[in-house]
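**Q** Sharing a structure with you now.
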Amino acid sequence: MSGLGDLIERRFGERVEADVPPETDAILQRMLSRSVRRAFLEKPVEPALLRMLCAAALASPTKSDLQQGDILIVDDPARRAAIFATIPDHPWLAAAPVFLVFLGNNRRQRQIHAWRGKPFANDHLDAFFNAAVDGAIVLASFVAAAEAVGLGCCPISQIRNQARLVSDTLELPAHVFPIAGLAMGWPARPGELSLRLPLDVRVHQDRFGETGLSDRIDAYDRRRATVQPYRRQRDEARFGHAPFYGWSEDKARQYARVERDTFGDYVRAQGFTLE
């Protein structure tokens with residue numbers, strides 16, 4: 001099990017050894033060593049393989065069997081260009097052989113109520129939340145399936161920056177909304193493994209805990225900086241140049257800028273009551 005232990009230690013800074021069935025070792029190694037891919041070969045992904053990956057993703061868990069996570073394959077060049085224009089800092093997207101948008105779909109459930117003559121009694125925040133979680137599970141399952149066959153993936157949450165434009169481009173009806181995009185193809189080069197926060201920051205036992213959190217994040221910043229130093233500092237004109245620039249400084253600067261402040265308005269315009 002040393003291979004798995006090495007991967008866990010490299011990613012999280014903590015060594016974990018456990019006995020797992022031999023046939024699962026390769027699966028766990030792939031999950032623990034996954035990395036984002038943003039460069040792809042000029043090699044198509046066969047439609048039958050893409051269809052199979054969709055099937056694998058849609059076999060994932062779903063809230064109360066409601067099946068509210070959908071996948072939209074975007075092949076049309078004009079629609080792709082319209083979406084990519086909203087993400088100008090990712091010019092590499094245009095070369096992605098496959099681009100998908102993962103959706104939350106609460107519309108189908110409402111249609112079923114109308115067809116079956118039953119009241120839709122849960123028109124509140126949970127209707128949106130359930131569909132969003134279902135779609136996110138489908139996205140994660142799709143990535144796992146795609147990487148299992150050797151494809152590389154990069155989720156794109158920035159499609160929500162201009163959710164109305166994306167929604168109109170994809171002709172999304174009421175109660176259907178975009179969760180994230182996904183660029184996919186055969187990798188042109190190795191990905192970069194991102195170190196994660198320590199397990200004891202994100203894994204809780206019996207109760208939520210955050211004792212010593214600031215110190216643990218500072219230690220993570222230092223450890224990550226030795227392996228993955230940032231190439232540039234965000235918004236230096238606004239915040240100045242930090243003598244040490246780690247993960248937490250980067251994330252603080254990232255969310256010091258207003259982003260997606262109209263998403264709630266978009267979701268309400270799609271028909272959701274967020275109460």
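The values are calculated or read from the model by the stated rules, or taken from the named source; none is laboratory data. Fair warning: this is a prediction, and the values are worked out from it, not measured in the lab. Cβ placement follows ideal geometry from the backbone for every residue including glycine, while neighbour counts extend to all protein chains displayed.
**Q** Within the stretch 152-160, can one find any residue that is surrounded by fewer than 21 Cβ atoms within 10 Å (Cβ to Cβ), free of Cβ contacts under 8 Å to residues at least 40 places away in the same chain and farther than 25 Å from VAL258 by Cβ?
**A** Checked the stretch 152-160: no residue is surrounded by fewer than 21 Cβ atoms within 10 Å (Cβ to Cβ), free of Cβ contacts under 8 Å to residues at least 40 places away in the same chain and farther than 25 Å from VAL258 by Cβ.
Residues checked against (1) within 22 Å of the chain's Cα centre (by Cα); (2) among the charged types (D, E, K, R):
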| site | (1), (2) |
| --- | --- |
| ARG224 | yes, yes |
| ALA237 | no, no |
| HIS241 | no, no |
| THR262 | yes, no |
| GLY271 | no, no |
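**Q** If you scan the stretch 178-206, which residues turn out to be assigned to a loop (DSSP other than H, G, I, E, B) and over 18 Å from LEU32 (Cα atoms)?
**A** TRP186, ALA188, ARG189, HIS204, ASP206
**Q** Can LEU165 be described as in contact (Cβ under 8 Å) with a residue 60 or more places away in the chain and either in a loop (DSSP other than H, G, I, E, B) or in contact with a Phe, Trp or Tyr (Cβ under 6 Å, 6 or more places away or on another chain) (or both)?
**A** Spelling it out, it is not the case that LEU165 is in contact (Cβ under 8 Å) with a residue 60 or more places away in the chain and either in a loop (DSSP other than H, G, I, E, B) or in contact with a Phe, Trp or Tyr (Cβ under 6 Å, 6 or more places away or on another chain) (or both).
**Q** Within the stretch 258-265, does at least one residue satisfy the condition of being among the hydroxyl-bearing types (Ser, Thr, Tyr), over 30 Å from ALA127 (Cβ atoms) and outside the structural domain of ALA127 (by TED's automatic domain parsing)?
**A** No, every residue in the stretch 258-265 fails to be among the hydroxyl-bearing types (Ser, Thr, Tyr), over 30 Å from ALA127 (Cβ atoms) and outside the structural domain of ALA127 (by TED's automatic domain parsing).
**Q** Among the residues of the stretch 219-268 satisfying the criterion of being polar (S, T, N, Q) and part of a helix (DSSP H, G or I), which is surrounded by the fewest Cβ atoms within 10 Å (Cβ to Cβ)?
**A** THR226
**Q** Can ARG207 be described as surrounded by 11 or more Cβ atoms within 10 Å (Cβ to Cβ), more than 28 Å from GLY69 (Cβ to Cβ) and not polar (S, T, N, Q)?
**A** No; evaluated as a whole, the condition is false for this residue.
**Q** Restricting attention to the stretch 204-213, does a residue exist that is more than 18 Å from ARG10 (Cα to Cα), of a type outside the set (A, V, I, L, M) and in contact (Cβ under 8 Å) with a residue 40 or more places away in the chain?
**A** no
**Q** Those residues that are of a type in the set (Gly, Ala, Ser), out of contact with any Asp or Glu (no Cβ under 8 Å at 6 or more places or on another chain) and part of a loop (DSSP other than H, G, I, E, B), I need them from the stretch 1-38; list them, please.
**A** GLY13, ALA18, SER33
**Q** Going residue by residue through the stretch 161-171, is there one that turns out to be within 21 Å of LEU49 (Cα to Cα), surrounded by 18 or more Cβ atoms within 10 Å (Cβ to Cβ) and out of contact with any Lys or Arg (no Cβ under 6 Å at 6 or more places or on another chain)?
**A** For the stretch 161-171, residues within 21 Å of LEU49 (Cα to Cα), surrounded by 18 or more Cβ atoms within 10 Å (Cβ to Cβ) and out of contact with any Lys or Arg (no Cβ under 6 Å at 6 or more places or on another chain): absent.
**Q** Let me spell it out: the conditions are (1) among the charged types (D, E, K, R); (2) crowded, with 17+ Cβ neighbours inside 10 Å; (3) more than 20 Å from the chain's Cα centre (by Cα), and ARG108 meets all of them except one. Which number is the exception?
**A** (2)
**Q** Looking for whichever is under 30 Å from GLN111 (Cα atoms), touching a helix residue (DSSP H, G or I) at 6+ places or on another chain (Cβ under 8 Å) and surrounded by 11 or more Cβ atoms within 10 Å (Cβ to Cβ) here; the options are ALA39, ALA57. Which one fits?
**A** ALA57
**Q** Is one or more of the residues making up the stretch 174-189 under 30 Å from ASN106 (Cβ atoms), in contact with a His (Cβ under 9 Å, 6 or more places away or on another chain), of a type in the set (A, V, I, L, M) and touching a residue at least 60 places away in the same chain (Cβ under 8 Å)?
**A** Within the stretch 174-189 (the criterion being under 30 Å from ASN106 (Cβ atoms), in contact with a His (Cβ under 9 Å, 6 or more places away or on another chain), of a type in the set (A, V, I, L, M) and touching a residue at least 60 places away in the same chain (Cβ under 8 Å)), the answer is yes, since at least one residue qualifies.
**Q** Filter the stretch 10-45 down to the residues that are over 16 Å from LEU193 (Cα atoms) and touching a strand residue (DSSP E or B) at 6+ places or on another chain (Cβ under 8 Å) and list them by number.
**A** PHE40, LEU41, LYS43, VAL45, listed by residue number.
**Q** To continue, here is another question. Having 1 or more residues that are within 17 Å of GLU171 (Cα to Cα), in contact (Cβ under 8 Å) with a residue 60 or more places away in the chain and not basic (Lys, Arg) is the bar; report the helices (runs of 4 or more DSSP H) wholly within the stretch 45-150 that clear it.
**A** 77-84
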